[in-house]
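Chemist: This structure is in C-alpha cells; I'll ask about it shortly.
What follows draws every value from the coordinates through simple rules; no lab data is involved. Just so we're clear, the structure is a prediction, and the values are computed from it rather than from any experiment. So basically every Cβ, Gly included, is an ideal-geometry build from the backbone, and we count neighbours across all protein chains shown.
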Amino acid sequence: MKLLKIFSMIALLIGVLNADPIDLSGSKDGYEVTLKSEKSLVVGDNYFYVTLAKDGKSVTNAKVKAKFFMPEMPGMPYMEYVGKAKLVDGKYKMLINLTMSGTWQYHLMFKTADGKVHKLRSSVNL
Ligand SMILES: [Cu+2]
C-alpha cells in the first residue's frame, strides 16, 4: 500500500514535469500575438493568456476568443469549446475546458478596433 502510494506520487511528478505550459508566439497581419497557459494543460479547466501588440505597442481594445476542437473519431463525437477572453491587467484571459486528453486544434481569433477579424490556427497536445 505504501509502495503504491510512493509509486503513484512519482508517476504524478513525472507527468507534471513532462507537460510544460503552453507558451507560443507568432504574428498575424502585423500583430504580434502570444498565447500562454497559466499551468500545464489538464483535462478540465485551463486558463490562457493572450497578448497583442502592434509596432511594439500593446493592443488592449480588441475582442479575443478561441475555439478548441477535436474532430470526430471512431466512437467519439466532435468536441469543441469556445472561450471569450476578458482583459485583466493588460492581458486577455480566457477559460478553456478540455474534456479529454489528445490533440486539440484551436483557432485563436481577435477582432481589432478597425472591425477586422484575425485568426491563427494551431494545435496543442494534452
Ligand atoms: Cu477526442
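Chemist: Residues with beta-carbon under 13 Å from that of Lys39, excluding Lys39: net charge, scoring Lys, Arg +1 and Asp, Glu -1?
Modeler: -3
Chemist: Could I ask something else about it? Just subtract the alpha-carbon distance of Lys63 and Lys28 from 0.36 nm times their residue separation and send over the number in nm, one decimal. Please report the intermediate quantities before stating the final value.
Modeler: Details: separation 35, 0.36 × 35 = 12.60 nm, distance 1.50 nm.
Between Lys63 and Lys28, full extension yields 11.1 nm more.
Chemist: Let me ask something additional. Note down the magnitude of the dipole of the stretch 21-125 about its Cα centre, charges +1 on Lys and Arg C-beta and -1 on Asp and Glu C-beta and zero elsewhere, to the nearest 20 debye.
Modeler: My answer is approximately 320 debye.
Chemist: Using a cut-off of 13 Å between beta-carbons, work out the net charge of the residues near Trp104 (Lys and Arg +1, Asp and Glu -1, Trp104 not included).
Modeler: On the way: positive: Lys67, Arg121; negative: Glu80.
Taking every Cβ under 13 Å from that of Trp104, the sum is +1.
Chemist: How about the stretch 84-126: which trypsin sites (Lys or Arg not before Pro) there lie in a loop by DSSP and see at most 15 other Cβ atoms within 10 Å?
Modeler: Working: sites: Lys84, Lys86, Lys91, Lys93, Lys111, Lys116, Lys119, Arg121; in loops: Lys116.
Counting only loop positions with at most 15 other Cβ atoms within 10 Å, the trypsin sites (Lys or Arg not before Pro) in the stretch 84-126 are Lys116.
Chemist: Shifting gears a bit: Once a ≥ b ≥ c are taken as the square roots of the eigenvalues of the Cα gyration tensor of the stretch 21-125, is the result rounded (a/c under 1.5), prolate (a/b larger than b/c) or oblate (a/b not larger than b/c)? Show your work: numbers first, answer last.
Modeler: On the way: a/c = 2.17, a/b = 1.77, b/c = 1.23.
Prolate, since a/c reaches 1.5 and a/b exceeds b/c.
Chemist: Identify the GluC sites (Glu not before Pro) of the stretch 19-126 meeting these criteria: DSSP loop state and at most 15 other C-beta atoms within 10 Å of the C-beta. Let's see the in-between values first.
Modeler: Working: sites: Glu32, Glu38, Glu72, Glu80; in loops: Glu38, Glu72.
Within the stretch 19-126, the qualifying GluC sites (Glu not before Pro) (loop, at most 15 other Cβ atoms within 10 Å) are Glu38, Glu72.
Chemist: Name the lysines eligible as straight-distance cross-link partners of Lys116: C-alpha to C-alpha under 28 Å, and not fewer than 8 places from it in the same chain.
Modeler: Those lysines meeting the cut-off are Lys28, Lys36, Lys54, Lys57, Lys63, Lys65, Lys67, Lys84, Lys86, Lys91, Lys93.
Chemist: Go through the stretch 28-126 and name the chymotrypsin sites (Phe, Trp or Tyr not before Pro) that are in a DSSP coil and have 12 or fewer other Cβ atoms within 10 Å of their Cβ. If you can, show how the numbers build up before the last one.
Modeler: Values: sites: Tyr31, Tyr47, Phe48, Tyr49, Phe68, Phe69, Tyr78, Tyr81, Tyr92, Trp104, Tyr106, Phe110; in loops: Tyr78.
Of the chymotrypsin sites (Phe, Trp or Tyr not before Pro), the ones in loops of the stretch 28-126 whose Cβ has at most 12 other Cβ atoms within 10 Å are Tyr78.
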